[in-house]
Amino acid sequence: MKGFKKLIALTLALASLSSVAVGCSQSGTSSTASASKAPAASTGKASSGEIYYLNFKPEIADVYQKISDAYKQETGVTLKVETAAAGTYEQTLKSAMAKADAPVLFQINGPKGYINWKDYCADLKDTELYKHLTDKTMAVTDGDGVYGIPYVVEGYGIIYNNAIMQKYFALSGAKAKSMDEINNFAKLKEVAEDMTAKKGQLGIKGVFSSTSLKHGEDWRWQTHLANLPVYYEFKDNKIDLKSDATKEVKFQYADNFKNIFDLYLKNSVTVPKMLGSKSVDDSMAEFALGQSAMVQNGNWAWSQISGVDGNVVKESDIKFLPIYTGMKDEEKQSICIGTENFFAINKKAPADQQKLAADFINWLYTSDKGKAFVTNDLKFIAPFDTFKDNEKPTDPLAKEVIRYMSDTKLTNVPWNFTVFPSQTFKDNFGAALLQYAQGTKQWNDVTKQFVEQWKSESGK
Amino acid sequence: MQKTLKKYFAFFTLPTVLAFITVFLIPFVFGVYLSFTKFNTVNDAQWVGFSNYIRAFTEDRDFLNALFFTVKFAIVSVVLINVFAFMLALLLTRKIRGTNVFRTVFFMPDLIGGIVLGYIWQLIINGFLAAFNVDITFSATYGYWGLMILMNWQLIGYMMIIYIAGIQNIPPELIEAAEIDGANSWQVLKSVTVPMVMPSITICTFLTLTNSFKLFDQNLALTAGAPGKESAMLAMDIFNTFYGRQGYEGVGQAKAVVFFIIVALIAYLHLRLTRSKEVEN
């Protein structure tokens, strides 16, 4: 009898369990059913359907809501936008792609991202948008195929506050009289050190904002700054970025990295041993409050600077300076311009949905309405020939990027960090930089780690 | 009565059993299965055997370092927390004025979440270290003692309450008898109080031990492993492996299984050891 009771209990448990499982599979089929219903309806003239877009940039999530409404009104197609929280895009994409109803439009962060998502990236060679791409070399390609279309161009360098610089130039015994004279590392160093000596007169706490080396806040150094020596190394050794030759580096310009990094550390608002708890926000706030004259960051930083309470930096005073590291002929070097944002379309999605996604991105970057969103709301510098000169964003740093891009005398530094082996490599390098700043790690060990981990992380 | 209970056993336990199966047993079994596979999304797992376990220990020293750090932390924190909590409990069962206020105050830190506590203590500790021109990321020793202070601050009050309950349950006549026999207060403590609160000691050491091993929020908020990964504990290393690296999901899962076995083993040994020391009331 007792055994029988147990049996009943077990059966009941299993029965309810299986009903849960059945429930799941039913909802699964129903969602695919509704998805496959969409194309049937869209055979009419005005297509109605849904595009599921997984957005990378949290700061523009609200704008996409507006775009979605406008697009729905114009074409009847629903644009469903989901945004991953900052720093969690790969995680979110990983779980979203596992769903039956996976994103159709998503983004990859360059050649490395493409390798991870190879099985999901459709060939975009024949899309309308690709034809409008100004610089075809910017796209993520593999053989003949095009798998990622860049949708924004960004630039970074040393942002400086011209008001403080002019104040310095006016001092007697200033090492330079105008920004034009600062066009190499030696001069930058001379000026920065002299400014540090006179920081009382200038009313600043340090020339450079804090070198934020807190875990997760160190990308300006372990990624952006490290791009320069790596760029020169690849360029000098004529390495094809798409080949396996990028799997090893010598870090031959490590000393150049050290030059500028030491300059940042020694002429900073904060003493080096305290940098482990500084965030990017901290250092942008220092710049905005006029405590520092320079900060390394990109054109996306303007909204951050202008948003700081008590911001004293005027729109007309904020400018870019290229990051000089003591390379030969660096007078001709420009700021770093590129992107790590590429549109990709999910190959595994139904064909008609892929078409809808391609139509949408084309609309966004070629129609007047879409372009207005891109310029005024997303504030993107778009890399497409459909944008005329008066259709470019007007914030001061974006204008600076455009100015540097169109300066034919200077050579832009591309964003080669898209071939850095992995996030773990970058994180470990950042941690080593912090230990170097704190004086607990020798520079030799830092460079050794850079070379070794580049190789070991590339092998995976 | 017994019979009725038996009759409705299945009926009354079913909801709990179901919940246990769906939210614990199935994920657990699935998790163990995943530790033997290579996967990107959980749908496309491929069987790889024990290679994840081998990779967890051989590919880098992160896991072993974290294990060592955690063991070091757990031993010291179990001792410190229980000694302090017991001392406080003794003090606050002496009918001094304001006992209840003190009990409440000491218990309060336990009501605050680990992440919040971590950030608060980070501010305090960095503020203190700023006088020496360094911060908590400077050395793993700072992180270690920072975590220790945080854990003590958070758990002492909770353990204290358990000890107070234990001490209050000691029959007064036992202590009285001991005193009449001429025992001094140290002898009373050693031969009457401690043996009588042994069940509380079992619970408290068990709770502190498992809590120290599973520590995550506080670790993440206070140091996030800095410098490098030197102050990362087991749970954090597992999290970083699983979420931080492409192609390491299975390895993270394998580490989690090893972690489970370690904690379960320690808890089991500990219970056997302390249970044997408890006295019947």
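Taken together, the values in this text are just the output of simple stated rules run on the coordinates, not laboratory data. No experiment lies behind these values; they were computed from the predicted model shown. Cβ sites come from the backbone with ideal geometry, for glycine too, and all protein chains shown count toward neighbours.
Data table
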| item | result |
| --- | --- |
| Positive-pole candidate from B:L129, B:M108, B:S185, dipole of the stretch B:60-275, charges at beta carbon | B:S185 |
| Under 25 Å from A:K199, Cα to Cα: lysines that are on another chain or at least 8 residues apart | A:K167, A:K175, A:K177, A:K187, A:K189, A:K258, A:K266, A:K273, A:K278, A:K314, A:K319 |
| Prolate/oblate/rounded label for the stretch B:153-281 (Cα gyration tensor, a/c 1.5) | prolate |
| Cα-Cα over 25 Å, subset of A:K250/A:K328; A:K136/A:K347; A:K118/A:K250 | A:K118/A:K250 |
| In order through the stretch A:313-329: 3J(HN,Hα) via Karplus (6.51 cos²θ - 1.76 cosθ + 1.60), integer Hz, x for Gly, Pro | 7, 7, 4, 7, 9, 9, 9, 9, 10, x, 7, 8, 10, x, 7, 5, 6 |
| Amide H contacts under 5 Å for A:G145, placed H, 5+ residues apart | none |
| Gyration tensor (alpha-carbon) shape descriptor, the protein assembly as shown, a/c threshold 1.5 | oblate |
| Given charges at beta-carbon only (K, R positive; D, E negative), |dipole| of the stretch B:60-275 in Debye | 100 |
| 0 to 90° range, to nearest 10: angle between helix B:2-20 axis and chain B longest Cα axis | 50 |
| Label point at A:V271 placed 7 Å out along Cα→Cβ; residues across the stretch B:115-139 whose backbone nitrogen lies under 17 Å | B:125-139 |
| Contact order relative to length of the stretch A:382-460, as percent, for alpha carbon pairs under 8 angstrom and 6 or more apart | 25 |
| Average Cα contact separation per residue, chain B, under 8 Å, 6 or more apart, as relative contact order % | 28 |
| Antiparallel DSSP beta bridges within the protein assembly as shown, percent to nearest 5 | 70 |
| Most mobile of B:N52, B:N65, B:N43 in a GNM of chain B (Cα contacts under 10 Å) | B:N43 |
| In chain B, lysine pairs with alpha-carbon atoms under 30 angstrom apart (chain gap of 8 or more, or interchain) | 15 |
| By average C-beta atoms within 10 angstrom, highest first, the peptides A:213-226, B:173-186 | A:213-226, B:173-186 |
| Quotient of Cα Rg and 2.2 N^0.38 Å for the stretch A:121-219, N being how many residues it contains | 1.73 |
| Whole-number percent relative contact order across chain A, with pairs defined as alpha carbons under 8 Å at least 6 apart | 22 |
| For chain B, built as a Gaussian network whose Cα springs stay under 10 Å, the top-fluctuating residue of B:T37, B:T16, B:T208 | B:T16 |
| MRE, 222 nm, helices only [DSSP H, n ≥ 4, -39500 (n - 2.57), over chain A, to nearest 500] | -14000 deg cm²/dmol |
| Shape category assigned to chain B from the gyration tensor of Cα positions, a/c cut at 1.5 | oblate |
| Chain B: most fluctuating residue of B:W121, B:W47, B:W153 per GNM, C-alpha cutoff 10 Å | B:W47 |
